[in-house]
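The values are calculated or read from the model by the stated rules, or taken from the named source; none is laboratory data. Quick caveat, the model's predicted, so the values are computed rather than measured. Virtual Cβ from ideal backbone geometry, glycine too; neighbours counted across all protein chains shown. Side chains included, ligands, DNA and RNA excluded: accessible areas come from the protein's heavy atoms. Shrake-Rupley method; radii C 1.70, N 1.55, O 1.52, S 1.80 Å.
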Amino acid sequence: MKFTFTDSAIAEIQKRYDLKDISLFYAVGEDCGCPSTGIFMLKVNDAGMAEYDAVIETNIGPVPAQKWALVFLDSDNVVDFNASKHAFQLKSERGFLNMNLLLEQTVAQ
């Protein structure tokens, strides 16, 4: 599996956070709890969380992820930043996997 961040996505992330602090999280909907109802999001500063049991090799370095959720990705995945929509987007050869990929900072408790 290939997972790439575009130059525009990298630049936008770097305006806010350090690239080494990024994780890929799959959030499951609360209503159903079914894995197929979830969405991917980028999280910051939560790499040590127990949910992460896999690492994706990317062009920005290793990105922690949930192993069970990797089945929802395709063989060629790209995180891009759409400046006109002010949104990160997760795309693959299949099309958009998330047109509004959230970038959320985890707050220490």
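Things to note:
- Label separation (D7 vs D53): 4.0 nm, computed from points 7 Å beyond Cα along the C-beta direction.
- Gained length - T37 relative to A83, 0.36 nm times residue gap less alpha-carbon distance: 13.9 nm
- Computed Rg/Rh of the chain, alpha carbon atoms with Kirkwood Rh: 0.93
- Around S92: net Lys/Arg minus Asp/Glu count, Cβ-Cβ under 9 Å: -1
- Once C-alpha pairs closer than 8 Å and six or more residues apart are averaged by separation and normalised to the residue number of region 8-90, the relative contact order reads 27 percent.
- Of S92, S75, the residue with the largest accessible area leads and the full order is S75, S92 (1.4 Å probe).
- Restricting attention to region 1-103, lysine pairs at least eight places apart or on different chains and with alpha-carbon atoms under 16 angstrom apart total 5.
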